[in-house]
Every structure is written in C-alpha cells, then in structure tokens.
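What follows is a short report on a single structure.
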Amino acid sequence: MTPGARVAAAIDILDDHLSGTPAEQALTGWARKHRFAGSRDRAAIRDHVFDALRRLQSSAGLGGGKNGRAIMIGLLRGFGIDPSTLFTGEGHAPAVLTDWEQVSGDGLSRASRLDCPAWLLPQFDESLGDQSDDVLEALRHRAPVFLRVNIARISRQQAQKLLTEDGIDTRPHSLAPTALEVLKNPRKINGSRAFLDGLVELQDAASQAVVEALQIAPGMRVLDYCAGGGGKALALAALGAEVVAHDISPARMKDIPTRAERAGCKIQIATPDRLARFGTFDLVFADAPCSGSGSWRRAPQGKWLMTPERLSDLLDVQQSVLSQLPARTTADGAIAYATCSVLRVENRVQVDRFIENHSEYGIEVEHSFSPLDGGDGFYVAQLRRM
C-alpha cells in the first residue's frame, strides 16, 4: 500500500470508530475486509489511528472537522506534514483537498492544544501544578515499549543478550531493576525465545516500579485483589511471594494460568465466591479501577469516554474497593492501593478519605510516577495498622 492509501484506510477506520465501534474492533474489521494488506501496512495504519486518537481534539481543530478525513488532515498538520502531499486522489489515496480544507484549521484553545477534555484540565492543574502541560503533552505521544525481566529465572543483563540474539535491542530503565526499554523491533517480542520461555513479559516500567515499591519478602502471602490479566501478580510471584489472584470479573483472569506456567511460577486463582476459602494475607494489593489518565497514550479512547459522571462513579468504586481490603489481611498485615492515574482525587485524596474512616491505619510507603519519568503515570500507597 502507498502512504496515501494507508491514510485513506485510517480515515475509514476512524469514521467507523467515531460512529461507535471500539477502535480495536474497527481495526480488526477493516483488516478482515482488506486481506491484501501486509503486516507493515496494518502496523502503519494502526499507528495512524492511535496517533489520531491521542490527538483527537487538536487534529479536529487543525483539520476543521470531526470526521475521519478532517482528523487525518489535522493530524498531518500537527506533525508538520503538508496533507496535500498524501491527499492526491491517485490510486487509493484520499481525494485532493478542497479549497476550504486547504485553509481550514482554527486557533486552538489550551485544552485542545494539549488534547485534554476541557472539564478535566482543572483536575490536571490541581494535581500536577507546573508539570500539568508537560504531562499532557507526553500523553499525546506514543508510549515506549517496556519488558519486565523475570528475575526469578534470569538476570536483566542475560535477558538483554538473549533478546539481542533475536534482533531486539533494549536498554535498562531506571524506574525498576527489572525494566528494559525496547529500542528496536518491538513487534518481534511475542515470537522471541525470551518471551516464549517466560523470561520476559510486556509490562510498563512504572507498573513494575509499583510492585518494587511494595515491601515484598519471599514466602509472603499476597492477594492481588484486582488482578485483571495478571501482570502485577506475575511480578509479585517473581519476587518470591505466594500469590492469589482475584478479580470481580473472573473472565479477565483467564490467561493467568498459562502466563504463570510460562513464567515458571504458581499463582492461585480465587473467584469472588471462593475468596473466603483462602483466609487472610500478609499483603492485600488492589490496582483499582480508575480513569487511566496515566496511561492514556496506550489507551487514548479512555480520555474521550471519560465524563464527570463516570469519574464520580469511579471514585465511589475506588473507596468501596479500599474498604474491602482490611478484612482480608492478617492482624499485622498491610494493604496497598494503586491506580494508573495522575489525578490527585483518585490517589492521595482517596487514601486520606480511607484513613479518616479507618484511623488505625497510616501510610508507610507512597510513590507517584509521572509519564515524565519515562513510564506511565501511576500511584501507590501501602498502609498498615499503626
């Protein structure tokens, strides 16, 4: 496919998404109807689509509209590319720009320039202060690809060497002693020996740093209360913890047994109806449902689906999750609360609210990670009865 044809494909997918189809589903649907497209074409089209979603508001402003064509025109302008070089009408490229499209594009407000929903901008300013604009700008760009080295089986240096032999260049990242940033050939990871043998896993560096921040000792019994796909449960197991994974939606945990077997560790699965059978734990860890504002560059759709009502509902869910943790701990056990959010209202405010209602608890560990640190935005606080 020509570069212009890839832009035309992205326009079709964006129109499908804007009509209500989830982005991944729109991409899959397009690929099934266009089987002639090679892997490089599909990867390039995917990049166009997700670049557009990260920069949806600014692209719509620079392109003069809210449909796929206008957004792609604006996206190219935002990247400093003259859209007329790709909108040629030749072959499968989009039609030539109209006279109006050649001059469209209004001045952008601060919220549009930073691709932040206007109602959320005050929350970012309150939470991040002088760093607000820099963090929002970082969230407009593609996220780095990180690997977590399974240090229970291999060192970070050995993992680097093995990955290099498969053409995957990496470098250590300072956020976590297990973290490798992928510099070359990230799409080869799933077929690499290191990945297939369970020696590395795809996991953001800040997500790894959250686990490292917890006070884990070998043999400690840990409940991953909101386990999801199990990334943090695997990281906890690699540190020597005896891990039980739980999630209110058991279907989210379906891949954990396979991933644990590949990694050479054991993780027990506790569905909500069976959790009480596992007793109490030295540490109960909850990576709670949240706005995902710290990881919007990976899942940009969440940025535009968030509403004041949805955020309010999430705050209630977070407090509900926190309130359920103490009953699962031993008498001298700890609880840990984490989000992939940079919003203070989801982080320290929630912890303070919990302590107001559970005065016997105090904070013993607290960390905030910003996209400016290199990984996603994360927050974690570990609390213990004082």
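Taken together, the values in this text are just the output of simple stated rules run on the coordinates, not laboratory data. Quantities reported herein were computed from a predicted structural model and do not represent experimental measurements. So basically every Cβ, Gly included, is an ideal-geometry build from the backbone, and we count neighbours across all protein chains shown.
Taking 0.36 nm per residue of separation and subtracting the Cα-Cα distance, what length does fully extending H367 through A331 add?
Values: separation 36, 0.36 × 36 = 12.96 nm, distance 2.44 nm.
Gain in length upon complete extension: 10.5 nm.
If r is the Cβ-Cβ distance from D166 to E90 and R0 is 56 Å, what FRET efficiency results, to the nearest 0.05?
Details: r = 39 Å, r/R0 = 0.70.
It comes out at approximately 0.90.
How high is the FRET efficiency from W304 to N185, r the C-beta distance, R0 25 Å, rounded to 0.05? Show your work: numbers first, answer last.
On the way: r = 31 Å, r/R0 = 1.24.
It comes out at approximately 0.20.
Among the listed pairs K161/K188; K161/K184; K33/K184; K232/K254; K232/K266, which are separated by more than 24 Å between their Cα atoms?
Working: K161/K188 15 Å; K161/K184 14 Å; K33/K184 30 Å; K232/K254 15 Å; K232/K266 13 Å.
Checking Cα-Cα distances, K33/K184 exceed 24 Å.
Considering only C-alpha atoms, what is the centroid distance from segment 273-330 to segment 1-75, in Å?
32 Å
Determine the dipole magnitude for the chain: charges of +1 sit on the beta-carbon of Lys and Arg, -1 on that of Asp and Glu, nothing else is charged, the reference point is the Cα centre, and the result goes in debye to the nearest 20. Please report the intermediate quantities before stating the final value.
Numbers: 44 positive and 47 negative charges, 256 e Å.
Taking the Cα centre of the chain as origin, the dipole is about 1220 debye.
On a full-extension model of 0.36 nm per residue, what is the gain between T280 and T258, subtracting their alpha-carbon distance, rounded to one decimal in nm?
On the way: separation 22, 0.36 × 22 = 7.92 nm, distance 2.56 nm.
Length gained, T280 through T258: 5.4 nm.
Two-decimal Rg/Rh of segment 277-381 from alpha-carbon positions, Kirkwood Rh? Write down the numbers at each step before the final one.
On the way: Rg = 14.4 Å, Rh = 14.4 Å.
We get a ratio of 0.99 for segment 277-381.
With 17 Å as the cut-off, how large is the P(r) tail for segment 111-182, expressed as percent of Cα-Cα pairs?
Values: 1454 of 2556 pairs.
In whole percent, the long-distance tail amounts to 57.
When only Cα pairs under 8 Å and 6 or more residues apart are kept, what is the percent relative contact order across segment 232-386?
Working: 243 pairs, mean separation 32.2, N = 155.
Value for segment 232-386: 21 percent.
Rounded to the nearest 0.05, what FRET efficiency do Q268 and F79 have when you use their Cβ-Cβ distance and R0 = 56 Å? Present the calculation step by step, with values, prior to reporting the outcome.
Numbers: r = 48 Å, r/R0 = 0.85.
That gives a FRET efficiency of 0.70.
Subtract the Cα-Cα distance of E126 and R193 from 0.36 nm times their separation in residues, and report this length gain in nm to one decimal. The partial results should precede the final answer.
Numbers: separation 67, 0.36 × 67 = 24.12 nm, distance 4.54 nm.
Full extension of this stretch gives 19.6 nm more.
Taking the Cα centre of each part, how many Å lie between segment 342-365 and segment 95-129?
34 Å
Only Cα pairs under 8 Å and at least 6 apart count here; give the relative contact order of the chain as a rounded whole percent.
Numbers: 726 pairs, mean separation 50.0, N = 386.
It rounds to 13 percent for the chain.
Describe numerically, in nm with one decimal, the distance between label points set 7 Å from Cα along Cα→Cβ at T98 and at R110.
Placing both labels 7 Å beyond Cα along the Cβ direction yields 3.4 nm.
Translational diffusion coefficient of segment 1-130 at 25 °C, 0.890 mPa s, Stokes-Einstein with Kirkwood Rh over Cα pairs, in µm²/s as a whole number. Let's see the in-between values first.
Values: Rh = 15.3 Å.
This corresponds to a translational diffusion coefficient of 160 µm²/s.
Can you work out the base-10 log of I(q)/I(0) for the chain at q = 0.10, 0.11, 0.14 1/Å, using the Debye formula on its C-alpha atoms alone?
Those come out to -0.72, -0.86, -1.27, one per q.
If you build the Cα gyration tensor of segment 226-285 and take the root of 5 times each eigenvalue, what three semi-axes come out, in whole angstrom, biggest first?
Values: eigenvalues 55, 41, 17 Å².
The answer is 17, 14, 9 Å, longest axis first.
Can you sort S109, S341, S19 by how many other beta carbons sit within 10 Å, fewest first?
Going from least to most buried by this count: S19, S109, S341.
Pick out, in residue order, every one of the GluC sites (Glu not before Pro) in segment 297-386 that is DSSP loop and has at most 16 other C-beta atoms within 10 Å; say none if there are none. Could you put the intermediate results ahead of the total?
Working: sites: E309, E346, E356, E360, E364, E366; in loops: E360.
Loop-located and lightly packed - E360.
What longest region of the chain stays clear of chymotrypsin sites (Phe, Trp or Tyr not before Pro) that DSSP places outside H, G, I, E and B and that have at most 13 other Cβ atoms within 10 Å?
Numbers: sites that count: F36, F79.
My reading of the result: 80-386 is the longest stretch.
Whose amide H sits under 5 Å from the amide H of F281, counting only residues 5 or more places off or on another chain, with H placed in the peptide plane?
When sequence neighbours closer than 5 places are left aside, the close amide H contacts are T329, T330.
List, in order, the whole-Hz ³J(HN,Hα) value for each residue of segment 23-33 obtained from phi through the Karplus relation with A = 6.51, B = -1.76, C = 1.60 and θ = phi - 60°; use x for Gly and Pro.
4, 4, 5, 5, 5, 5, x, 5, 4, 5, 8
List the residues, sorted by chain then number, that are 5 or more residues from G375 or on another chain and whose placed amide H is less than 5 Å from its amide H.
Excluding prolines and chain starts, which carry no amide H, the hits are A206.
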